[in-house]
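Have a look at the structure below, then the notes.
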Ligand code: SAM
Ligand code: SF4
């Protein structure tokens, strides 16, 4: 039997012995919404020339797969705002069942009605949909756009196309705090899993994050007064910790970057639409994959860049939102790194 080539690429493992098998790839920084906690109304977006082409995104993804990445999540900005998004999903979808276990996306669902069937046909099985309220006026306030009806159409189309839906909800003090039990009950009634997320101090927004930061420890205590929350050992490989709501029968996840650090099990890196790899959502450690891709020997350069990323991936993030008026932990918005 042939012995393995001495040049065979080795899996990605960082300094803390964490295997990196999950890539979150932002395909665009633009968005059709302006969620108040994510970006300011007048957000500056990248010129299109800076954004990776479909071919570059595909090549980059192949480089990750060659190093053992088995799951890719496409995100943004809003991934479905990118015109050739479905082409990218088709190209990557061909690797499902071989190099890839799963290809998925995170979307605000405003344009999902047009694309759900094509995504399912390309091999997508699950989508994460961000939804912070079911109240139209409130949605228009939080997202600064009156788009709830198209989001609900998108959700219905996803279901019709056979896509499993997970709802992601950012918990916001004074904005959707009073509605969280209704949102959870609604999601469970639809057969969807739902995960609540603490707001993170990423990028300058128009308001003060302190005003809307709601610790999930407090939300959990409130929910426990209403429902029986049963332990659930389910792990998605990500930061969420799960429980079952006895009364609804559904699964509830909590992502607590501020009140409960989860970095010891980190299995992922993030790449922006310009090909900047961020080794941690909460850190500045960065490797330029676009330069590698556009150099003379892209495949070799990409492998070297990924090795470099493993050498600089930090142990954990250090988010806090502990006083009014505090600057963000990082200048970078979540819409750049994709959340
Ligand atoms: N536009 C898509 C969407 O909203 O699903 C994908 C990109 S969005 C940046 C990914 C996720 O990040 C969304 O669930 C959004 O609610 C969340 N998000 C954005 N800014 C955040 C922040 N500062 N803290 C916590 N979550 C945030
Ligand atoms: Fe757009 Fe998603 Fe950010 Fe909202 S959270 S502004 S939908 S990128």
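Only the coordinates and a few stated rules stand behind these numbers; no lab work does. What you see is a predicted model; the values in this text were computed from it and never measured. Neighbour counts are summed over all protein chains in view; Cβ atoms, including those assigned to glycine, are modelled from backbone coordinates with ideal geometry.
Things to note:
- Compared with the direct C-alpha span, the chain from residue 230 to residue 264 gains 9.8 nm at full extension, assuming 0.36 nm per residue.
- Calculated mean residue ellipticity, 222 nm, the chain: -8500 deg cm²/dmol, from DSSP H runs (n ≥ 4) at -39500 (n - 2.57) each, averaged per residue and rounded to 500.
- Additional length obtainable on full extension of the chain from residue 96 to residue 43, 0.36 nm per residue less Cα span: 15.6 nm
- Highest GNM mean-square fluctuation among 187, 66, 296, for the chain modelled with Cα contacts below 10 Å: 296.
- Here the gap between residue 141 and residue 311, fully extended at 0.36 nm per residue and compared with their Cα-Cα distance, gives a gain of 57.0 nm.
- DSSP beta bridges confined to the chain are antiparallel in about 30 percent of cases.
- The residues 272, 228, 337, when put in order of fewest to most other Cβ atoms within 10 Å, stand as 228, 337, 272.
- Sorting 173, 71 from the fewest to the most surrounding beta carbons within 10 angstrom yields 173, 71.
- Among 39, 200, 243, the residue with the largest mean-square fluctuation in a Gaussian network model of the chain, with springs joining Cα atoms closer than 10 Å, is 243.
- By other beta-carbon atoms within 10 Å, ranking 98, 224, 179 with the fewest at the front produces 98, 224, 179.
- Label-reachable residues, the range 140-160, where backbone N falls under 13 Å from a point 7 Å from residue 117's Cα toward its Cβ: 157-158, 160
- To the nearest ten degrees, helix 54-66 and the longest principal axis of the Cα atoms of the chain are 80 degrees apart.
- Bins of 20 Å from zero: percent of alpha-carbon pairs in the chain: 31, 60, 9, 0
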